[in-house]
Amino acid sequence: MKFRTRAIHVGSKPDYTGAVVPPIYLSTTFVQPGPGDWGAFDYSRSGSPTRSRLQEAIADLEGAAGSLAFSSGMAATHCAMGLLPAGSHVVAGCDMYGGTYRLLHKICNRNNIEVTLVHADQANHIVDAIKPQTKMVWVESIGNPLMSVPDLQQIASITQKAGVLLAVDSTFVPPCILRPLELGADIVMHSATKYFGGHSDCLAGVLSAKTPELLQELYFIQNATGSVIGSLEAFLLHRGIKTMELRVREQSHSALRIARWLESHRSVKKVLYPGLESHPDHQRARRLMGDQFGGMVSFEVAGTIDTAKTVCKATKLFGLAVSCGAVESLIEQPATMSHASYDAQARAKAGIHDTLIRISVGLEDPEDLIADLDQALALGGGA
Amino acid sequence: MNWPLDTNKNLGFGTQSVHAGEARQKPNDAITDSICCASTFTFESTESILKYLRENQDREEYGRYGNPNEKVVERKLAALEGAEDAIVYSSGMAAVVGLLMCKLSAGDEIVFFDQCYHRSREFCVKHLSRFGVVTHQVKTGDMEAMQNAINSKTKMIVSESPTNPHLSVIDLEAFVALGKRNQVETLIDSTLATPYNLKPIDWGVDYVWHSATKYMGGHNDLLAGVICGSKEKLEPVRKLRGILGSINSPHNMYLLERGLKTFALRMERHNHNGQKIAEFLENHPRIERVYYPGLASHPSHAIAKKTMKGYGGLITFLVKDADWQATAAIIDRCKIPRIGPSLGGVESLIEQPLVMSYFDYPPEQRAGFGIHDNMIRMAVGIEDTDDLIEDLRQALEAT
Ligand SMILES: Cc1ncc(COP(=O)(O)O)c(C=O)c1O
Ligand SMILES: Cc1ncc(COP(=O)(O)O)c(C=O)c1O
């Protein structure tokens, strides 16, 4: 069956009530058949019927051996980093979510884990950075916020040869467009807060593993550290997944239209969107993702940091907020918002300029969104 | 500050689905509305109660009269429907009961077109009659019969459009003209159309009724109903809801608001899947007849094409040379649609009206309603079109 059909039906087999939408189990503990004789569920940190159904659906959509749902994307990433022994080394793409940067440089470093940042869209940089202690390569399938597109296939062959794990944060590219496990990745992570939930109302993260062994290792860490998703969030997330393919298709369609429009706007210096022919990784993006590239678009305005600020503040439909992937469109300035946790130097080196603006395109009519950006850019006073 | 979208008809339907009716800047700067479970609302002082009463202030008082979550949904639905006001209820039936109990008194009469959701007919015939209200039914779409049934006691004329399960589409222009000519109010159950496809208010209809359980909620996980109309006409209806107590809950209202965010997208898919599947069925040798307004063979096709943007996900069809058991066997062989009542959710559902809704009626009466033994009603969801067609094909062709 196709993606959308599976998104609606997998994990929703009716229980004894016949309910077309399965009940929400809030129970934290489950009655056991006998001492030491465990039933399917024992304690809800270890698993619950509501979480299980959600994980079953996600694993099916990712083509994974299994999936695990967490209380946030960062909790999921932290769990994956739990695979790293003290003193090991990670190669990570520098076009990366600020929170992941912070986790690697300010939490993982406490275990003497060393990080090398590379431009992940240049696979040879990854080859050069791998050393004997390297345990994992971490890349985003579309980098945040510069929209670089690494060649996951090529990177997977590099990591396989080197015997290191390839983990992909695919938050910007949901599985209806791209399934990194099929391209050879070992772990795929999503901030499910974004496209999966899709309605800006549930904080969640997921990890999906290629093999049952890796899944077991991750599950052990999750259960031991405890940052699991709650049942109400699991319900909302599962509800969101049912419309994910429709939403993402519409968002990709609108984003491309808006990116093209921005490209022709005189106050816009540069537009970063993998769906644009002008994007340096466009051909690669087409090969990996087909004709959908998600709803995230970054662009640089002519002017200063204040021009970008003015534009962000002037929109009426786009909400001024971090996060992305939801029904309502958002706008933000990475330098002062999503990527403020980068060191200023690292930000400059990665090419995240002060005049950069990032938008997350929602489900509004694209014509309405273009009109809104048009009036905001005019107020920005760009020449 | 309220989002100025409610009145701005120039904005796209998708934009309105996401934003209309909501405050632009919400408490604590949250992007989504909070769920306000409070059953009662407090006043700062006696003075503030007096001010509330004297100035008829727009604020909450007690949960049976209203709560912030249902108000947002009401504003959103009114905007989408192009109506001045909307009142939300705990179910579609609660909505129509709330309206009719308000508008009709002993001695009044009401006329229905005969194809309709069976419980709305049952409420009028069995229960409104106990309060001295007389219900007449005439053949669906027969304006002359409707005119003949109207007399000086008639207060309201009622129809579904499209009707359930025959998908007849009413000529709203003629229907409204009839109402105006006779000075009776008009009510349309627009559940199967939704404002994405049709806006009866634009045609001059007085009251638009929806089971919001269906396409509006869209996920088969809540019950709700709504009546849309002018502020003036709805004011006493809202007051009566406060007495009858059929308001919906804040949790449900949050889910409904959330469901409405993808309303435009879902409807586009329901329309697409509905049309494709109706065409597939019509061309299948095992099918005797398909009822779907998007097909040229449907008696309402011309009026549907003229007035509607699309025709939704509900399809009714008859299986050739099949008794009720052979028909049931096809349903039982389907793997994607689940067997169950209702419609309008992301999941496809399938049922045999004979078994599901009309089991208690004697055969002659069933036939009178146009319910045949070999009839199947499918509520097409938003799954992949080809998957649904393949599933129906195997169910029809298995031997
Ligand atoms: C690419 C990316 N990865 C990870 C995260 C972290 O996820 P969360 O905010 O759900 O913890 C985010 C979002 O903020 C993100 O955009
Ligand atoms: C056309 C139509 N009108 C009204 C209703 C009643 O709505 P509810 O079930 O929400 O009470 C239904 C559904 O059951 C329906 O299909």
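The values are calculated or read from the model by the stated rules, or taken from the named source; none is laboratory data. Predicted, not measured: the structure shown is a model, and the values here were computed from it. In this analysis, Cβ positions are derived from the backbone assuming ideal geometry, glycine residues included, and neighbour counts consider all displayed protein chains.
Some observations on this one:
- Pairs where the first residue, in the range B:263-288, is more than 15 Å from B:Gly345 (Cα to Cα) and the second is of a type in the set (D, E, K, R) and surrounded by fewer than 22 Cβ atoms within 10 Å (Cβ to Cβ), C-beta under 6 Å, 6+ apart: B:Arg286/B:Lys320; B:Glu288/B:Lys320
- B:Leu222 over 17 Å from the mean Cα position of the chain (by Cα) and away from ligand 1 (no atom under 16 Å from the Cβ): no
- Any hit, the range A:82-89, residues being buried (at least 23 other Cβ atoms within 10 Å of the Cβ) and either farther than 20 Å from A:Gly11 by Cβ or away from ligand 1 (no atom under 12 Å from the Cβ) (or both): no
- Count - residues of the range A:213-256 that are polar (S, T, N, Q) and away from chain B (no Cβ under 13 Å): 6
- Residues satisfying the stated conditions in the range B:183-206, i.e. in contact with a Leu (Cβ under 8 Å, 6 or more places away or on another chain) and within 13 Å of ligand 2 (Cβ to nearest atom): B:Leu187, B:Ile188, B:Ser190, B:Leu192
- Any strands (runs of 3 or more DSSP E) falling wholly within the range B:200-310 and containing at least 1 residues that are more than 13 Å from chain A (Cβ to nearest Cβ) and aromatic (Phe, Trp, Tyr): B:207-211, B:287-291
- Residue in the range B:262-276 that is of a type outside the set (S, T, N, Q), modelled with pLDDT of 95 or more and more than 21 Å from the chain's Cα centre (by Cα) present: yes
- None of A:Thr336, A:Thr315, A:Thr355 is among the polar types (S, T, N, Q) and within 14 Å of chain B (Cβ to nearest Cβ) except A:Thr315.
- Filter result for B:Ala106 (more than 14 Å from chain A (Cβ to nearest Cβ), among the aliphatic types (A, V, I, L, M) and either within 16 Å of ligand 1 (Cβ to nearest atom) or over 27 Å from B:Thr194 (Cα atoms) (or both)): yes
- Filter result for the condition that a residue is of a type in the set (Val, Ile, Thr), within 27 Å of A:Arg358 (Cβ to Cβ) and crowded, with 21+ Cβ neighbours inside 10 Å, over A:Val137, A:Val115: A:Val137
- Candidate set from the range A:9-57 (those that are of a type in the set (D, E, K, R) and assigned to a loop (DSSP other than H, G, I, E, B)); member that is surrounded by the most Cβ atoms within 10 Å (Cβ to Cβ): A:Arg45
- Residues of the range B:308-332 satisfying the condition of being buried (at least 19 other Cβ atoms within 10 Å of the Cβ) and closer than 16 Å to B:Gln275 by Cβ: B:Met308, B:Gly310, B:Tyr311, B:Gly312, B:Gly313, B:Leu314, B:Ile315, B:Thr316, B:Phe317
- Contacts under 7 angstrom Cβ, first residue in the range B:110-128 being over 15 Å from B:Asn164 (Cβ atoms), partner aliphatic (A, V, I, L, M) and surrounded by fewer than 19 Cβ atoms within 10 Å (Cβ to Cβ), 6 or more apart: B:Val111/B:Ala149
- Residue within the range A:217-229 that is surrounded by 20 or more Cβ atoms within 10 Å (Cβ to Cβ), among the hydrophobic types (A, V, I, L, M, F, W, C) and touching a His at 6+ places or on another chain (Cβ under 9 Å) present: no
- Among the residues making up the range A:68-78, those that are more than 8 Å from ligand 1 (Cβ to nearest atom) and surrounded by fewer than 24 Cβ atoms within 10 Å (Cβ to Cβ) are A:Ser71, A:His78.
- Annotation note: Cβ proximity below 6 Å between a residue of the range B:25-44 that is away from every other protein chain (no Cβ under 14 Å) and a residue that is among the small types (Gly, Ala, Ser) and surrounded by 12 or more Cβ atoms within 10 Å (Cβ to Cβ) (sequence gap 6+ or interchain) occurs for B:Ser39/B:Gly63.
Results for (1) of a type outside the set (S, T, N, Q); (2) within 14 Å of chain B (Cβ to nearest Cβ), shown as yes or no for each residue.
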position: A:Ile24; (1), (2): yes, yes
position: A:Gly36; (1), (2): yes, no
position: A:Gln55; (1), (2): no, no
position: A:Ala64; (1), (2): yes, no
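- Residue list for the range B:369-386, filter: of a type outside the set (A, V, I, L, M, F, W, C) and surrounded by 20 or more Cβ atoms within 10 Å (Cβ to Cβ): B:His372, B:Asp373, B:Asn374, B:Arg377, B:Gly381, B:Glu383, B:Asp384, B:Thr385
- Which listed residue, of B:Val88, B:Val111, B:Val97, B:Val73, is away from ligand 2 (no atom under 16 Å from the Cβ) and not in a loop (DSSP other than H, G, I, E, B): B:Val111
- Residue that is in contact with a Lys or Arg (Cβ under 9 Å, 6 or more places away or on another chain) and either away from chain A (no Cβ under 14 Å) or free of Cβ contacts under 8 Å to residues at least 40 places away in the same chain (or both), where the choices are B:Leu388, B:Leu318: B:Leu318
- Taken over the range B:323-371, the criterion of being part of a loop (DSSP other than H, G, I, E, B) and more than 14 Å from every other protein chain (Cβ to nearest Cβ) is satisfied by B:Asp323, B:Gln352, B:Ser357, B:Tyr358, B:Phe359, B:Asp360, B:Tyr361, B:Pro362, B:Phe369, B:Gly370, B:Ile371.
- Long-range neighbours under 6 Å by Cβ, at least six apart or interchain, first residue over 19 Å from A:Ala86 (Cβ atoms) and at pLDDT below 95 within the range A:123-148, second charged (D, E, K, R) and not in a loop (DSSP other than H, G, I, E, B): A:Pro145/A:Arg358
- Number of positions in the range A:282-330 that are buried (at least 19 other Cβ atoms within 10 Å of the Cβ) and of a type in the set (S, T, N, Q): 5
- Any hit, the range A:156-163, residues being within 19 Å of A:Cys94 (Cα to Cα), of a type outside the set (A, V, I, L, M), in a helix (DSSP H, G or I) and not assigned by TED's automatic domain parsing to the domain that holds A:Phe299: yes
To keep it simple, each residue is scored yes or no on (1) of a type outside the set (Phe, Trp, Tyr); (2) under 19 Å from the mean Cα position of the chain (by Cα).
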site: A:Pro14; (1), (2): yes, no
site: A:Tyr25; (1), (2): no, no
site: A:Ser52; (1), (2): yes, no
site: A:Ala59; (1), (2): yes, yes
site: A:Ala86; (1), (2): yes, no
site: A:Arg102; (1), (2): yes, yes
site: A:Glu114; (1), (2): yes, no
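- Residue match in the range A:343-351 (condition: surrounded by 21 or more Cβ atoms within 10 Å (Cβ to Cβ) and either within 11 Å of chain B (Cβ to nearest Cβ) or under 18 Å from the mean Cα position of the chain (by Cα) (or both)): no
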